[in-house]
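Data block below; observations after.
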Amino acid sequence: MAARGVGLLTHLPLRAQRSQGLRPSLRLLSCPGTVAADVRKEEQSSGSAETGSEDKTPKKRFSEVQKERREQAQRSVLIHFPNKISEKKFLKYLSQHGPVNNHFFYESFGLYAVVEFCQKESVASLQSVTRTPSLGTEAAIPFRSRCFHLKLKNASNQTAEQSCISRSNQSPPSSKKLFELLCDAESIDDQLNTLLKEFQLTEENTKLRYFTSSLIEDIAAAYFPDCAVRPFGSSVNGFGKLGCDLDMFLDLDEIGKFSDHKTLGNFLMEFQVKNVPSERIATQKILSVIGECLDHFGPGCVGVQKILNARCPLVRFSHQASGFQCDLTTNNRIALKSSELLYIYGALDSRVRALVFSIRCWARAHSLTSSIPGAWITNFSLTMMVIFFLQRRSPPILPTLDYLKSLADAEDKCVIEGHNCTFVCDLNRIKPSGNTETLELLLKEFFEYFGNFAFNKNSINIRQGREQNKPEPSPLHIQNPFETSLNISKNVSQSQLQKFVDLARESAWILHQEVNDHPSPSNKLWGLAALLLPSVAKNVSQAKRKKKKPASERVKNLLESIKSSSSTENSTNTNGTRTVTTQA
Ligand code: CTP
Ligand code: MG
């Protein structure tokens, strides 16, 4: 579950190179008039997340979204097909097996289509006419999955109509494109919303994530027929960037549930089972076998690693057809619950996701986060820091977890392994915040807040929404919201924390300068663009170092001056325009 952020600007080509081995950039090709076109409309509206223009339509519960998407995924198939194809003929051919609800095309080691049938039976019908390939010198393992190759009997007939497939690129923007988009924006608020729009998971990408999970479920179901494989983490919590990993959880609890209904009369029937010394050993054994299955039978599952001695044992692999780096765990229901909590926080106010995406991208651009496990801060920790910061605003933008718990009803009650994970699940019952601060102000104050945070003595705690004494001496302490004795950032070293603090101060300084300098024709890199370019941060820092005053004193003075002017900004600058003047 290591953080895999998307680097920005100078980091993008590097990331692209690093991932070339297993995952070329994902290009989605959409069909006009189908779900992909609808989705684009949705994206356009979700991208224009302005303060005060909240969508008033009822928001779906996390469990409803999961259920709906799981069910769609189970009716879907993945088809690899030759470049030369007529979309019309392809759909006509598939509709022999039943009506197609929607479909989309994408590129990843060739062309693929995800096709969602209206009925699950259509998948079985297609499987029944599909043959196992004969491979000549190699032997095929006859595993009947929902991934197919479509071969053409007569390729020349198809070429004339192949241009029918409309193509839309769903990869994150190139560094050049992003730079242009950010610099063309009207305001810093506009920049943050643009970044969100460009980097958030598209509808198709989300579908592909649920679909991939359901493929893994098919494999696990060979041993555990009633199991569920559920995506969690940033794939489903609203904070995923294009290219993030796919965290999955093998849920075996469903199996137990069935037996509850079958207790008749005085008898209680139990399965005969193998006993092992601990829950952890059971988890390791299950994951070990599923890992073997993925390695041997899973089409496109490559680079399978069984990391069974980790605190949370997992199987890591790449799924070639989708291009996802996957982590499969089991017995991890609390993480699913924390994904639900983040989903709620992200959906409560449109500023939350915009701010989190920018902070995640900022951290990636400055190598504060990494795809390699180590002493770095993670995206999950950064998200918690943003949530905490938004709970500390006046009036608060986000409620505390304790408040969400107080709104819960009997149906919401949830205790997992002795941990109380109860909170209200119906978002529509949570009153929106009256806070109207701009994203520009929030971004600046985020950097200022954490640039001055007493990390040496205080812990970040979203349950109570206030700073608390650290219970242990780790440099950074962020309390796990449900397993309250755990620190989610225990891995972070003092030097990484210091780097974060220095960059936060630097960024507060840059934003403060922005207020005075922009708009200026010579100042092309402004606002968020200036923050995301490590070279700019370095240049500014070098320029500052040339001045006589020591950096620490200068930053301190600047932060003081920002503080003294922020009360004026709070009352005047709430519309996202760049009209604030502060005393430098
Ligand atoms: N998690 C946790 N405690 C941790 C790390 C992770 O509870 N110390 C849970 C969180 O629910 C998190 C999920 O595991 O969202 C997946 O972890 P990870 O992949 O590291 O983070 P993501 O939120 O998915 O972010 P990214 O986009 O970097 O993958
Ligand atoms: Mg993840």
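The values are calculated or read from the model by the stated rules, or taken from the named source; none is laboratory data. Everything numeric here is computed off the predicted structure, so don't read it as measured data. No Cβ is skipped: glycine too gets one built from the backbone with ideal geometry, and neighbour counts run over all protein chains shown. Calculation scope for accessible area: heavy atoms of the full protein, side chains included, ligands and nucleic acids excluded. Shrake-Rupley method; radii C 1.70, N 1.55, O 1.52, S 1.80 Å.
Taking a ≥ b ≥ c as the square roots of the eigenvalues of the alpha-carbon gyration tensor, region 298-445 is classed oblate because a/c is 1.5 or more while a/b is no larger than b/c. Sorting Arg351, Arg311, Arg466 by accessible area puts them as Arg311, Arg466, Arg351; the probe is 1.4 Å, largest comes first, and only protein heavy atoms count. Its Cα gyration tensor gives region 438-495 an equivalent ellipsoid. The semi-axes, each the square root of 5 times an eigenvalue, are 22, 14, 10 Å from largest down. For the pair Arg429 and Asn309, label points projected 7 Å from Cα toward Cβ lie 4.6 nm apart. Here the gap between Phe267 and Asp184, fully extended at 0.36 nm per residue and compared with their Cα-Cα distance, gives a gain of 22.7 nm. Over all other residues within a Cβ to Cβ distance under 15 Å of Ala335, the charged ones net out to -4, with Lys and Arg as +1 and Asp and Glu as -1. For region 278-418, which whole percent of the accessible surface, found with a 1.4 angstrom probe, sits on carbon and sulfur atoms? Its accessible area is 55 percent carbon and sulfur atoms. When Rg and the Kirkwood radius Rh are both evaluated on Cα atoms of region 374-484, their ratio Rg/Rh stands at 0.98. Across the cross-link table entries Lys59/Lys89; Lys120/Lys413; Lys67/Lys413, which are compared at the Cα atoms, the separations over 29 Å belong to Lys59/Lys89; Lys120/Lys413. Against the criterion of solvent-accessible heavy-atom surface with a 1.4 angstrom probe, Lys60, Lys431 sort, most first, into Lys431, Lys60.
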